[in-house]
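The values are calculated or read from the model by the stated rules, or taken from the named source; none is laboratory data. No experiment lies behind these values; they were computed from the predicted model shown. Neighbour counts are summed over all protein chains in view; Cβ atoms, including those assigned to glycine, are modelled from backbone coordinates with ideal geometry. When the accessible area is computed, the model is the full protein with side chains, heavy atoms only, and any ligands, DNA or RNA have been set aside. Shrake-Rupley method; radii C 1.70, N 1.55, O 1.52, S 1.80 Å.
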Amino acid sequence: MKPKKNLQLKAGVIITVGMLFASFSFYFYQIFFTPNIQLKKDNFYLYIPTGATFDAVRDTLNKNDVLNDKVSFYFLSKLTGYTDKVKPGRYLLTSNSNNLNTIKMLKRGTQSPVKLTYNNIRLKSELVEKLSSRFEFSSEELLSILNNEEFAKRNGLDTTTIISLFIPNTYEIYWNTTAEKFMDRIINEYQKFWNGSRDEKAESIGMSKAQVSILASIVEAETAKNSEKSRVAGVYVNRLKSNMPLQADPTIKFAVGDFSLKRIYSGHLATESPYNTYKYTGLPPGPINLPSISSIDAVLNYERHKYIYFCANSQLNGYHEFAETYDQHRENAESYRKALNRLNIK
């Protein structure tokens, strides 16, 4: 009977080991491959600051209740060496993702870039605030660069025209990019934009790139209608050529610092500012906004005509009436004023 007992014992051991192996295999499968990211929304962006440790990553995940099984995530992070190789950045965690794929992404530093779009910007301070809110660098770091005279000079600009480096478009940039590297990217995009035909057109119309941007910013503020931007640009070019003040109302709003003004009065026109184009001839010292590409191209391809004046039309539909003589303009302006009065617009 002894051999039979030995056989039963061996069978028991084998079964026990098999069961333990199956249990551990199932547990390890769960650790590696079972969905472990639980989200209230479909996606969650995990921001890991430069210099952060695994403890910081863990605290962020816990604070946002991202993990279904915290122990398994911590165990696999340790097993794979991620706890000692934390990389900064912005990472997209998707609902029902497993530990293995999530940790691989974090360990490799496979970031989800920030899709950056900036428009409707008027002031340098406004631009800096908007950009720094999207990236790891601080507003002070970026502002320091934009206020650096040597940096501006290297790029053919000054600290007033420096914002014309920023061509409104959509860019993909990593969240933890430094302010210096961020500006390298902006300069690269600026050079691409002005490479070739645009640079040649600016030269052919006798303007620097900065001057084109300044005039384009006025066109941008004057009309949202792309179809008439080149005509508006042509009016201002005609005034510049005749040494006539630009008399651009948007520059008065910029000088006053009140962009909500609906009507410009004599008191506004008396404002002492280099941006007061009713008092001073030529272009103002810098852009009054970040002009869109369509406005920049409208200046480069301005319409050749004899119009000297224009004002919003009496239909108040965003379009303008253009005139070659002051008498014509006065009639158009009177119709516009009457339309405003009817609607009690002050």
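Before moving on, here are some points about what is shown:
- Inter-residue pairs, beta-carbon under 6 Å, first more than 15 Å from Asp297 (Cβ to Cβ) and in the stretch 203-218, second of a type in the set (Val, Ile, Thr), 6+ apart: Ala210/Thr161
- For Ala152: the one exception among (1) farther than 20 Å from Pro287 by Cα; (2) surrounded by 17 or more Cβ atoms within 10 Å (Cβ to Cβ); (3) not polar (S, T, N, Q): (1)
- Identity of the residue in the stretch 232-265, aromatic (Phe, Trp, Tyr) and not in a helix (DSSP H, G or I), that ends up least open to solvent (accessible area, probe 1.4 Å): Phe259
- Output for the stretch 266-310, where each listed residue is at pLDDT 95 or above, hydrophobic (A, V, I, L, M, F, W, C) and in a loop (DSSP other than H, G, I, E, B): Leu283, Ile288, Leu290, Ile308
- Flag for Ser335 being open to solvent by less than 60 Å² (accessible area, probe 1.4 Å), of a type outside the set (A, V, I, L, M) and in contact with a Ser or Thr (Cβ under 6 Å, 6 or more places away or on another chain): yes
- Just one residue in the set Thr161, Thr178, Thr170 is closer than 26 Å to Arg134 by Cβ, buried (at least 17 other Cβ atoms within 10 Å of the Cβ) and among the polar types (S, T, N, Q); that residue is Thr161.
- Pair list, Cβ under 7 Å, 6 or more apart: the stretch 307-321 residue surrounded by 17 or more Cβ atoms within 10 Å (Cβ to Cβ), other residue in a loop (DSSP other than H, G, I, E, B): Tyr307/Glu324; Ile308/Glu324; His320/Thr223; His320/Asn313; Glu321/Asn313
- The lone exception for Thr277 - which of (1) among the polar types (S, T, N, Q); (2) open to solvent by 40 Å² or more (accessible area, probe 1.4 Å); (3) touching a Leu at 6+ places or on another chain (Cβ under 7 Å) it fails: (2)
- Residues being more than 30 Å from Leu92 (Cα to Cα) and of a type in the set (Phe, Trp, Tyr) - total across the stretch 135-175: 1
- Verdict on Ser213 being buried (at least 20 other Cβ atoms within 10 Å of the Cβ) and within 30 Å of Ala323 (Cβ to Cβ): yes
- Taken as a whole, the stretch 156-176 holds no residue that is without any contact (Cβ under 8 Å) to a residue 12 or more places away in the chain and assigned to a helix (DSSP H, G or I).
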